[in-house]
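Engineer: Input: one structure, supplied below.
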Amino acid sequence: MRRGLIARSRAELPDAVFDGRLERLRAAMAGLDALLVYTNNTRPAGVSWLVGFIPYWSEAMLVLPRTGPPVLVVALTFRVKPWIERTSRVAEVVFNPRIGIETARLIAAKKADAAVGVVDFDHLSAGIADDLREAGPRLVFSDASELFAALRASADPAEITLTARASSIAASALSRIDPREPGIGAIVAAVEGEARRLGAEEVYVAAAPDLARDRRLMRFESGPADEPALGARLAVRASVAYKGSWVRRVVTIERDTMASRAEKAAAAFAEAVARLPDDRALSQFASFMVEGCRLSQPLEALMGSGVAEPRAPAAGAVVSVQACIEADGGPFLFGAPALLGARGETASTFV
């Protein structure tokens, strides 16, 4: 369940942004009578990009007919209707705990044998898929993932602005780290507290308290008695969401007087990121990961040392990059969001 404030800013996301995205999607719906996009608190990115709706919990289905306004079918109670209408750009909200049944009924009522595209069809639960077929036995379903991914491959100006804001929040939150703190709990609390103060709708903090012993970034929810000891070098990652845009930033902290080592490794990381989508510079590091949003998962692994089937992001995409750099006798972890340039242009890291 989300823990931060989810509210819409019409200054940052005016109606025209959502209307333009829906118009471009309709223009690409060749042969389809309707398009479905599923959402829950772990896969919110497709629906939030189209209409702004982000669930705290539960699930919903956005129904976009070829003609006519979008309809949101939610498995929530009617009491949240005013909040959904305040935070979303939808014409109608329908409430039914079995969203697949209601979705199919809505479409079949207009055309019993409609052709229906489903974004991220492979990750739709079997129960919802069965309900869609039960309530719309003549509906013809197909996967519309590639159609949707191609449409939003390059970020529009509103998405770039929100990514910059999320990145700024994450950077400010990580700047609150005091290397003199004796335990990881106080560091995590300082990062999360600052991110929420600055308006993050969600923030997850992970840390590697002693990089000399373990370079894995882990979340710590336990009390001070169970806290691991801090080493001379530690890393902290902040995953931040702001108005539907997610970013990751990672910093390595030197607790001794050798901060210049981290600065040198950070410079090598920035230089490698600038060469994206060419990942050869990143491949020289001990490990790396490039994440971005194609469908409904906010931070999907696109390329990396552990990605079996890489998907190179398109020019103009916003991504979050992480890398582990072996230098000066030990690992350094860094991460930052970046905007990819056109062919031949360097990528630019968000501040």
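A short reminder: the numbers here are calculations on the coordinates, not readings from a lab. This structure is a prediction, so every number in the text was calculated from the model and none was measured. Neighbour counts are summed over all protein chains in view; Cβ atoms, including those assigned to glycine, are modelled from backbone coordinates with ideal geometry.
Engineer: Find out how many positive minus negative residues lie around residue 124, taking Lys and Arg as positive, Asp and Glu as negative, among other residues whose Cβ is under 13 Å from that of residue 124. Each step should come with its number before you reach the end.
Structural biologist: On the way: positive: 43, 133; negative: 59, 120, 122, 130, 131, 143.
After counting each charged neighbour, the total is -4.
Engineer: If you average 1/r across every pair of different Cα atoms in segment 1-71 and take the reciprocal, what Kirkwood value do you get, in Å? It would help to have the intermediate numbers written out before the result.
Structural biologist: Values: mean 1/r = 0.0768 Å⁻¹.
After inverting the pairwise mean of 1/r, the radius is 13.0 Å.
Engineer: How many percent of all Cα-Cα pairs in the chain sit more than 24 Å apart?
Structural biologist: 59
Engineer: Can I ask one more? Looking at the chain, what % of its DSSP beta bridges pair antiparallel, to the nearest 5?
Structural biologist: Around 85 percent of the beta bridges assigned by DSSP in the chain are antiparallel ones.
Engineer: Which three extents, in angstrom, do the Cα atoms of segment 157-349 have along their principal axes, listed largest first?
Structural biologist: Extents along the principal axes: 49, 38, 29 Å.
Engineer: What do you get for the angle between helix 259-273 and the principal long axis of the chain? Use alpha-carbon atoms, 0 to 90 degrees, nearest ten.
Structural biologist: The answer is roughly 40 degrees.
Engineer: Under 14 Å from the Cβ of residue 274, count the other residues' Cβ atoms, weight Lys and Arg +1, Asp and Glu -1, and hand me the total. Don't skip to the end; give the middle numbers.
Structural biologist: On the way: positive: 275, 280; negative: 271, 278, 279, 345.
With Lys, Arg at +1 and Asp, Glu at -1, the neighbours total -2.
Engineer: I'd like the orientation of helix 99-110 relative to the chain: the angle between its Cα long axis and the longest Cα principal axis, in ° from 0 to 90, rounded to 10.
Structural biologist: Relative to the chain, helix 99-110 is tipped by roughly 40 degrees.
Engineer: How many angstrom lie between the Cα centre of segment 265-283 and the Cα centre of segment 134-203?
Structural biologist: Comparing the Cα centres of segment 265-283 and segment 134-203, I get a distance of 22 Å.
Engineer: Using a Gaussian network model of the chain whose springs link C-alpha atoms within less than 10 Å, name the residue from 303, 29, 218 with the highest mean-square fluctuation.
Structural biologist: Looking only at 303, 29, 218, the largest GNM fluctuation is found for 218.
Engineer: On to the next question. Taking each pair of distinct Cα atoms in segment 140-270 once, what is the resulting Kirkwood hydrodynamic radius in Å?
Structural biologist: It is 16.4 Å.
Engineer: Here's something else I'd like to know. If you take every DSSP beta bridge fully contained in segment 15-151, what fraction is antiparallel? Give it as a percent rounded to 5.
Structural biologist: Roughly 50 percent of the beta bridges in segment 15-151 run antiparallel, per DSSP.
Engineer: Now for a separate question. Let me check the size of segment 15-151 from its C-alpha atoms; what are the radius of gyration and Dmax in Å?
Structural biologist: Answer for segment 15-151, Rg first and Dmax second: 13.5, 37 Å.
Engineer: For segment 75-187, rounded, prolate or oblate, judged on the Cα gyration tensor with a ≥ b ≥ c (square roots of eigenvalues), a/c < 1.5 rounded, else prolate if a/b > b/c?
Structural biologist: Note, shape of segment 75-187 comes out prolate.
Engineer: Label segment 136-183 by shape, choosing from rounded, prolate and oblate, from the square roots a ≥ b ≥ c of the eigenvalues of the Cα gyration tensor; if a/c is under 1.5 it is rounded, and otherwise prolate applies when a/b is larger than b/c, oblate when it is not.
Structural biologist: Here segment 136-183 falls in the prolate category.
Engineer: If we restrict to alpha carbons, what Rg and Dmax does segment 297-351 come to, in Å?
Structural biologist: Considering segment 297-351 through its Cα atoms, Rg and Dmax are 12.9, 37 Å.
Engineer: Angle, helix 15-27 long axis vs. longest principal axis of the chain, Cα atoms, 0 to 90°, nearest 10?
Structural biologist: It is inclined by approximately 70 degrees.
Engineer: Suppose every K and R has +1 on its Cβ and every D and E has -1 on its Cβ; what is the size of the dipole of the chain about the Cα centre, in Debye to the nearest 20? Could you put the intermediate results ahead of the total?
Structural biologist: On the way: 42 positive and 42 negative charges, 139 e Å.
Dipole magnitude for the chain comes out near 660 debye.
Engineer: How much net charge surrounds residue 328 when only the other residues with a Cβ under 13 Å from the Cβ of residue 328 are counted, with Lys and Arg +1 and Asp and Glu -1? Write out the running numbers ahead of the final one.
Structural biologist: Working: positive: 233, 261, 264; negative: 254, 256, 263, 326.
Result for the local shell: -1.
Engineer: Roughly how far apart, in whole Å, are the Cα centres of segment 64-130 and segment 284-319?
Structural biologist: Comparing the Cα centres of segment 64-130 and segment 284-319, I get a distance of 29 Å.
Engineer: Give the value in nm², to one decimal: projected area of the alpha carbon convex hull of segment 168-212, averaged over all directions.
Structural biologist: 3.2
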